[in-house]
Structures are given as C-alpha cells and as structure tokens.
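Asker: Structure provided below as structure tokens; questions to follow.
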Number of protein chains: 2
Amino acid sequence: MTDNGLKYFEDYTPGATYDCGEVSVSEAQILSFARDFDPQPIHVDPAAAASGPFGGLIASGWHTAALVMRQLVEHYLPVGGSLASPGIDQIRWPVPVRPGDTLRVRATVQDARRSQSKPDRGIVTGVIEAVNQDGDLVMRATAVNFVLVRPEPQN
Amino acid sequence: MTDNGLKYFEDYTPGATYDCGEVSVSEAQILSFARDFDPQPIHVDPAAAASGPFGGLIASGWHTAALVMRQLVEHYLPVGGSLASPGIDQIRWPVPVRPGDTLRVRATVQDARRSQSKPDRGIVTGVIEAVNQDGDLVMRATAVNFVLVRPEPQN
C-alpha cells in the first residue's frame, strides 16, 4: 500500500487528489539524462542554451516525465497491484524545468471504472501535475492505469 | 540538417514518413533506467517479473519513449531549429519492450501549418511509431513540435 492508502482499485476515489511528494533535479542530472536520450543543445550545452530561446539549460520533457513517474510509483501506484499502463494522453510541459528546481507532484483521480472485459481489474484515469518551487505548472498529463480490484475474502 | 533532409518547417511534408533508424535495449539498460525512474517489479525484478503478467522483465514505457526520442533527435528534429515541444498526445504502448529487442522508429508528418501567433515558426504534428524485430508496434505517439521557418534570403 502506498503512503496515500492506495492498494486496490476500490481505493481510488474520483475527485480525490493525492500528494506524491517532491523531487529536485540538478544540472548534472539534466545533462546526464539528455546526453543519453535527448541531446538537443537546449538540454546538453549550457553555453548554447544560455543564448537560446529559454535563456539557459532546461530539462528534457522526457526527463521531467521520468522524474514524475518515480513519484507516482512511490505514492500513487499500488506496489504489485499495478498492471502497467495502456498509455498516456496529452502530456503538456507549459513551463521549462531548470537546474535546481524542486517539483511537487500530485495526482487527481478523474475517473475510476471496472473493466468490462477483464473482471479482475479497474481502469483509473488520473490527472498528473507537477509544480515547481515558484508555483508554476511544469507538467500536466492524463494517465490511464489498470489496477487490480480487491480480492474477495476466501472461506 | 538531419539525414532525412529536414532542417526547416518547409521541409516537413504532410503524409511523408521518415525512417529514424533503430535502437536496441539490453536487460542492464532496462534495469538501470527503471531503478532510477520506474522501480516497479515488472521493470526492476527479473524473478518477480518472470511470474508476473508479462512472463518476464519489460522496459518502462518511459524508457521506450526516451529511446525513441533519441532517434527523433538524430533523424527527425532539426538540430538547433527545433524550438522544443509543447506536448505529446496519446502515447500508447501496445506491446511490451523486452531485453534484447531492437526497435525501428519512424515518423509520419500528419499536419504542418504556420503558427498564427509567431511568424518565425511552424507547428509540425507527427505520428511516431516504434516497431520491434518481430514487426510488433511497441509504441505509438502523436508529437507536436515547433520548427523554425526557412529564413528569407538577405540582400
């Protein structure tokens, strides 16, 4: 069970918002991730980035998404009860993430319904948001997750 | 300019598909990424994953997305001419990525139009697909990117 008391499908309450803690990101981490996966000048070249459209180095949006995912695994997705995700809708990165930023992550359950085809699970749709230390929304995504239903008591 | 001849907005032809090369992923890479960002048993614990819903270890969907991004940076997004992305729509991971898989990435331009508010750029919407060595589609996403328009010749 997560620290938000989430373990089975029945625990996810539409309308409820769950605090998923915070995570900080350093320049070294931004550079390391981007060298591996997103080597654009705005993410890997501090000098070029300084004279670029954002006036400095910014994190790859995929890095931000990965940092947010870590928080979801620890605070929102039930350990072992999550059956992976069919997908994500509408990721937006309205404000860039910069070195030294601290992001607070929260998840709001938008919809929770039983699967029609697979009776062991429910489908939870959540709006995931990350806000920086200045209160700016840096990422918003809609995530769909399969979650096991609470087992029937055994005789 | 990328090896697909893409540099400015005008180079992106609606309907055209661009080959973005291939990338392989090892078990060690899957474990390393997942320990940092997505430490669910199906991604970080080979023994637990073997008896889990996928019958073995699978890559985090975010790892797959990051591997695909690398290919886009090298083959689809113009070096220096990309102005970051406002977001992604509808990422889907229909088939899991497993250790040793090789993914071929392709991008198909769905729409390309000039920005109404910012005349220096266009908005390119692309359907990004990754297919494994067996021909299974492992990821599909719709990506929106800003790309600079070709500069006017100077007198």
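The values are calculated or read from the model by the stated rules, or taken from the named source; none is laboratory data. Since we're looking at a predicted model, the values are computed, not measured. Cβ: placed from backbone, ideal geometry, glycine included. Neighbour counts: every protein chain shown. Side chains are part of the model used for accessible areas, which takes the heavy atoms of the whole protein and leaves out ligands, DNA and RNA. Shrake-Rupley method; radii C 1.70, N 1.55, O 1.52, S 1.80 Å.
Asker: Relative to the longest principal axis of the C-alpha atoms of chain A, give the angle of the C-alpha long axis of helix A:61-75, reported between 0 and 90° and rounded to the nearest 10°.
Answerer: The angle comes out near 40 degrees.
Asker: Hey, what angle do you get for helix A:27-37 against the long axis of chain A, alpha-carbon based, 0 to 90 degrees rounded to 10?
Answerer: In chain A, helix A:27-37 runs at an angle near 70 degrees to the longest axis.
Asker: With each label point set 7 Å from Cα along the Cα-Cβ vector, what nm distance links B:LEU137 and A:GLN133?
Answerer: Roughly 4.3 nm, to one decimal.
Asker: If you don't mind, another one. Answer rounded, prolate or oblate for region A:1-70, using the Cα gyration tensor with square roots of eigenvalues a ≥ b ≥ c: rounded when a/c is under 1.5, else prolate when a/b is larger than b/c, else oblate.
Answerer: Numbers: a/c = 3.55, a/b = 3.01, b/c = 1.18.
Prolate shape, in that a/c is at least 1.5 and a/b is the bigger ratio.
Asker: Follow-up. Report, in whole Å, the centroid distance computed from the Cα atoms of region A:6-70 and region B:73-112.
Answerer: 17
Asker: Next question, about the same structure. As a test question: what accessible area, to the nearest 10 Å², does A:ARG114 have when a 1.4 Å probe is rolled over all protein chains in place?
Answerer: Roughly 110 Å² of A:ARG114 is accessible to a 1.4 Å probe.
Asker: Next up: For region B:75-124, state what percent of all Cα-Cα pairs lands in each successive 5 Å bin, counting from 0 Å until the bin that includes the largest distance.
Answerer: In whole percents, the pair-distance histogram is 4, 12, 19, 23, 16, 11, 8, 5, 2, 0.
Asker: Now for a different question. Per DSSP H run of at least 4 residues, take -39500 (n - 2.57); add these up for chain A, divide by its residues and hand me the 222 nm value, nearest 500 deg cm²/dmol.
Answerer: Numbers: 4 runs with 35 residues, N = 155.
Only helices count here, giving -6500 deg cm²/dmol.
Asker: Heavy-atom accessible area of B:LYS7 with all protein chains present, probe 1.4 Å, nearest 10 Å²?
Answerer: 80
Asker: Now for a separate question. What lysines does A:LYS118 reach when the alpha-carbon gap must be under 30 Å and sequence neighbours fewer than 8 apart in one chain are set aside?
Answerer: Hits, sequence-local ones excluded: A:LYS7.
Asker: Something else: Taking springs between alpha-carbon atoms closer than 10 angstrom, which of A:ASP36, A:ASP89, A:ASP111 fluctuates most in the Gaussian network model of chain A?
Answerer: A:ASP36
Asker: If the chain between A:ASP3 and A:VAL79 were fully stretched, how many nm would it gain, using 0.36 nm times the residue separation less the Cα-Cα distance?
Answerer: Gain on stretching A:ASP3 to A:VAL79: 26.3 nm.
Asker: Net charge within 13 Å of B:ARG114 by Cβ-Cβ distance, Lys/Arg positive one each and Asp/Glu negative one each, not counting B:ARG114 itself?
Answerer: Surrounding charge for B:ARG114 is +1.
Asker: Follow-up. Would you work out the relative contact order for region A:64-128, in percent, from Cα pairs under 8 angstrom that are 6 or more residues apart?
Answerer: Relative contact order for region A:64-128 comes out at 25 percent.
Asker: Same structure again: Sort region B:11-155 into rounded, prolate or oblate with this rule: let a ≥ b ≥ c be the square roots of the eigenvalues of the Cα gyration tensor; rounded if a/c is under 1.5, and if a/c is not under 1.5, prolate when a/b is larger than b/c, oblate otherwise.
Answerer: prolate
Asker: Right, another one. Zone of A:ALA16 (label point 7 Å along Cα→Cβ, backbone N under 19 Å): which residues in region A:74-114?
Answerer: Those under the cut-off are A:74-83, A:105-114.
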